[in-house]
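Participant: What follows is a structure written as structure tokens; I'll ask about it next.
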Amino acid sequence: MYDGLRVGLLMSWRLSLVLIPAAFFVFVLDLYGLLVPLAALLDPVMALAGLPGEAALVFATGALITIYPAIGVMSSLSFTTSEITVIALMILICHNLFVETAVQARVGSNPVRIVAVRVLTAIIVGIAVGRFMGLEPNVNRSLSAEFQLGFPGWSPAVAAFSIWFAGTARTVVRIVIIVVLLMIGQRLLERSGVLRQVAKVFEPVVVLLGLPRSTAFLWIVGNTLGLTYGAAVILEERGRGELSLEDADLLNHHLAVSHSLFEDTLLFVALGAGVVILIVPRLMAAVGVVWLRRLTRSRTRGLLFHRHADILKEHKT
């Protein structure tokens, strides 16, 4: 139990060192009014998915900040059930990019690739599901977004910072509590043998998803507690030498597209989104991303092998 407490506090500290600077960077973007023009750039994508122009702001808010403010923006606007479902699906795939990408980079994945995977997957899935749900694209639409850039003044800035600081502090405290409990629980489950039994049950599932058998327990954690807490366990497994960098990277690619299948999904179901549409396309997209990552990795290895062989030939001649 002491070991779980020690490791949990250490993992929480490492995650906080990544999370807080990333969250502050997003706060500065919002403070200077940069979210709205970024949302305007996304409007053509929303049009292809058959979504109204206001959906761009909702998606940008979720992608750059978190799910909760995106839900707040969504609740203040009028969308149909189909539109809510498509927007929610895109946000569930691509949200909190700065913080979650920083955490995944800490595990060992390429942050640029992770961002590209999440953004492109969200766009492709959004367009495909929009078509499936009968939303008509509007490629000729033009969005006239009004926005004001610049520092808002010290009083509004201090007030906004106070809100951000309180919210970030609550998040860090919650991370410490959950990660510590998770590490203690993991140690107890390992000693009792329950952990191996649970992992064995899910091994066939993760294999079908294109993941190594060794990631079964980590896959459960990521899809129940979320990406940040899942990353804490992945980091700990990597530190103990029980998970290779390649296996961790594959799991990272899956969780980048599909994680927290229960809590985050239910938040949007409460707004009227369809639960099946929010889960199945994410899992399918995650499988595609993992197998594509496997394919590109094999191709890279093949190119390196042939390159090495050519160098040896040149050296002999």
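Derivation of every value follows stated rules applied to the coordinates shown; laboratory data play no part. All figures in this text were calculated on a predicted structure; none of them were measured in a lab. A quick note on method: Cβ atoms are made from the backbone with ideal geometry, for glycine too, and the neighbour counts reach across all protein chains shown.
Participant: Does anyone have the angle between helix 2-31 and the longest principal axis of the chain? Alpha-carbon axes, 0 to 90°, nearest 10?
Facilitator: 30
Participant: Sort V280, V18, V176 so the one with the fewest other Cβ atoms within 10 Å of its own Cβ comes first. Before the final figure, lay out the partial values.
Facilitator: Details: V280 13, V18 20, V176 17.
Listing V280, V18, V176 from fewest to most nearby Cβ atoms yields V280, V176, V18.
Participant: Which one of L77, L218, L38 has the biggest mean-square fluctuation once the chain is modelled by GNM with Cα springs under 10 Å?
Facilitator: L77
Participant: A further question on this structure: Provide the FRET efficiency to the nearest 0.05 for the L17-S78 pair, computing r from the beta carbons and using R0 = 41 Å. Working shown, then result.
Facilitator: Working: r = 41 Å, r/R0 = 1.01.
Rounded to the nearest 0.05, the efficiency is 0.50.
Participant: Further question on the same structure: Between L34 and V198, how high is the FRET efficiency from 1/(1 + (r/R0)^6) when r is the Cβ-Cβ distance and R₀ = 45 Å? Nearest 0.05.
Facilitator: Working: r = 44 Å, r/R0 = 0.98.
The computed FRET efficiency comes out at 0.50.
Participant: Calculate, in nm to one decimal, what A270 and N110 gain on full extension: separation in residues at 0.36 nm each, minus their alpha carbon distance. Spell out each step's value before the answer.
Facilitator: Numbers: separation 160, 0.36 × 160 = 57.60 nm, distance 3.44 nm.
Length gained between A270 and N110: 54.2 nm.
Participant: Follow-up question, since we're still on this one. Hey, fewest Cβ within 10 Å first, where do F262, F59 land in order? Walk me through the intermediate numbers first.
Facilitator: Numbers: F262 12, F59 30.
So the ranking, lowest neighbour count to highest, is F262, F59.
Participant: If you stretched the chain out fully between V207 and L245, how much longer would it get, using 0.36 nm times the residue separation minus the C-alpha to C-alpha distance?
Facilitator: Length gained, V207 through L245: 11.9 nm.
Participant: Please compute the volume of the convex hull spanned by the alpha-carbon atoms of the stretch 159-203 and report it per residue in Å³. Present the calculation step by step, with values, prior to reporting the outcome.
Facilitator: Details: hull volume 2.8 nm³, N = 45.
Dividing the Cα hull volume of the stretch 159-203 by its residues yields 63 Å³.
Participant: Over the alpha carbons of the stretch 26-117, what is the largest minus smallest coordinate on each principal axis, giving the biggest first in Å?
Facilitator: The Cα atoms of the stretch 26-117 stretch 40, 27, 22 Å along the principal axes, largest first.
Participant: Taking other Cβ within 10 Å of each residue's Cβ, how do I93, I123 sort, fewest first?
Facilitator: On the way: I93 29, I123 19.
By the 10 Å Cβ count, ascending, the order reads I123, I93.
Participant: Relative to the longest principal axis of the chain, what angle (0 to 90°, nearest 10) does the C-alpha long axis of helix 245-257 take?
Facilitator: That works out to roughly 20 degrees.
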